[in-house]
Every structure is written in C-alpha cells, then in structure tokens.
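Quick notes on the structure that follows.
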Amino acid sequence: MKHLNFKHFLTTSFVLACIVCYSICAKAQNAATAKPAAAAAKPPVVAVKGAADLVNSFFKKYKDEGTGAAIDYIFGTNKYFTNTAGISQLKAKLDSLRQGIGNYLGKDLIVQKNASNSLVFYSYLVKHEIQPIRFTFMFYKPQNEWVLYRFKYDDQMDAELEDAGKINNKHP
C-alpha cells in the first residue's frame with residue numbers, strides 16, 4: 001500500500017511539474033512575443049512646424065510657379081548656399097527631368113525622421129503623370145529659424161523596391 005501511495009505521489013508531482021513548466025514557458029513566450037510588438041509600434045510622426053512649412057511652400061511653388069521658383073525659394077532659406085552656378089545647374093537638370101515625366105500631380109510623404117530638435121529629414125514621393133521622383137530635404141535649426149541643410153532628388157525608387165523584394169536582398 002505504501003508503494004501505491006508513493007507511485008501516486010510521483011505521478012501527481014510529475015503532472016504538477018509539467019503544468020508549472022508549461023505555464024512558465026507560455027509566460028516567457030508571451031513576454032518574448034510582446035516585446036517585439038511593442039518595439040515595432042512607432043511613435044506618431046510629429047511634423048516640425050517651421051520645417052514642414054518650408055516643405056509645403058516649396059511644393060506650392062513647384063506646382064504653381066515651376067522648378068526654378070521652388071529651388072530658389074528653398075535654397076534661399078540658407079544664406080550660406082552661395083554657389084549660384086551649382087544651383088542653376090540643379091534647376092536646369094530638374095526642369096529637364098520634369099519636362100519628360102509629365103505634369104505634377106501631388107506628393108506623398110515617404111518618411112520623416114527627427115535626429116534632434118535641430119535636425120530633421122523629409123523624403124517625399126513626388127507624383128507626375130509618367131513616373132514618380134523622390135525629393136529629400138534635410139533642415140537644420142542653428143538658432144531660431146529652420147534652414148535648408150541638404151536637398152536631393154532622384155528617380156531610383158523602382159530599383160530600391162525591386163531589391164527590397166528579393167529574398168534575403170540577394171541577387172539570384
């Protein structure tokens with residue numbers, strides 16, 4: 001009889017140990033899966049008032065007055081951009097590209113990143129009738145006013161998207 005009680009005790013202990021281990025594993029697994037979900041939740045993008053105003057004014061000029069006026073406006077925010085030949089060349093290249101891709105239809109924000117309260121980055125998909133182009137702006141606030149720090153445009157988003165769609169981002 002003692003032998004049966006001991007067997008019953010071992011069986012009960014084993015079942016309880018399994019239940020405890022299962023509970024601990026389930027709790028650990030839930031905690032592990034909850035952390036990436038919380039980390040994946042991004043804080044909402046908050047537009048930087050002065051910098052966002054500069055971007056909006058740029059696109060209004062781009063639409064209403066053309067490439068030259070928009071480029072002159074955005075580069076005019078920073079008194080240290082004095083390379084007028086380089087700015088003229090940029091305007092000519094962008095204007096030439098724009099003539100080949102149709103009318104401006106609008107813009108979509110791709111990403112906005114704040115490096116600090118004094119440095120912000122914007123990337124826009126600029127929609128035209130034939131194909132999109134991307135504009136990237138970086139603004140710097142050395143004291144009280146936002147100024148253009150960097151400006152680029154390109155039409156290579158399709159190649160980037162194709163690369164991103166490849167398995168492990170490797171070529172076959």
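The values are calculated or read from the model by the stated rules, or taken from the named source; none is laboratory data. Fair warning: this is a prediction, and the values are worked out from it, not measured in the lab. Ideal geometry is used to build each Cβ from the backbone, glycine not excepted, and the neighbour counts take in all protein chains shown. In case anyone asks, the SASA skips ligands and DNA or RNA and just uses the protein heavy atoms, side chains included. Shrake-Rupley method; radii C 1.70, N 1.55, O 1.52, S 1.80 Å.
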Output the residues belonging to region 101-117 that are open to solvent by less than 50 Å² (accessible area, probe 1.4 Å) and closer than 21 Å to residue 61 by Cβ.
101, 102, 104, 106, 112
When you look at residue 135, is it under 16 Å from the mean Cα position of the chain (by Cα) and either among the aromatic types (Phe, Trp, Tyr) or more than 24 Å from residue 50 (Cα to Cα) (or both), yes or no?
yes
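Determine whether region 157-165 contains at least one residue that is in contact with a strand residue (DSSP E or B) (Cβ under 6 Å, 6 or more places away or on another chain) and surrounded by 13 or more Cβ atoms within 10 Å (Cβ to Cβ).
Of region 157-165, the ones in contact with a strand residue (DSSP E or B) (Cβ under 6 Å, 6 or more places away or on another chain) are 157.
Filter once more, so that each one left must be surrounded by 13 or more Cβ atoms within 10 Å (Cβ to Cβ): 157.
Yes - at least one qualifying residue is present in region 157-165.
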Note on region 146-156: residues open to solvent by 40 Å² or more (accessible area, probe 1.4 Å) and not in a strand (DSSP E or B) are 155, 156
When you go through (1) assigned to a helix (DSSP H, G or I); (2) touching an Asp or Glu at 6+ places or on another chain (Cβ under 8 Å); (3) not hydrophobic (A, V, I, L, M, F, W, C) one by one for residue 102, which number turns out not to apply?
(1)
Could you list all residues from region 60-87 that are farther than 16 Å from residue 150 by Cα and assigned to a helix (DSSP H, G or I)?
60, 61, 62, 63, 64, 67, 68, 69, 85
Inter-residue pairs, beta-carbon under 9 Å, first open to solvent by 80 Å² or more (accessible area, probe 1.4 Å) and in region 67-90, second not in a helix (DSSP H, G or I), 6+ apart:
79/147; 80/147
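Scan region 32-49 and give yes if some residue there is of a type in the set (A, V, I, L, M) and modelled with pLDDT of 50 or more, otherwise no.
Taking every residue of region 32-49 in turn, at least one turns out to be of a type in the set (A, V, I, L, M) and modelled with pLDDT of 50 or more.
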Conditions first: (1) surrounded by 13 or more Cβ atoms within 10 Å (Cβ to Cβ); (2) without any contact (Cβ under 8 Å) to a residue 60 or more places away in the chain; (3) assigned to a helix (DSSP H, G or I). Residue 96 passes all but one, so which condition is the exception?
(1)
Provide a single number: the residues in region 118-145 that are open to solvent by 30 Å² or more (accessible area, probe 1.4 Å) and either in contact with a Leu (Cβ under 6 Å, 6 or more places away or on another chain) or assigned to a strand (DSSP E or B) (or both).
8
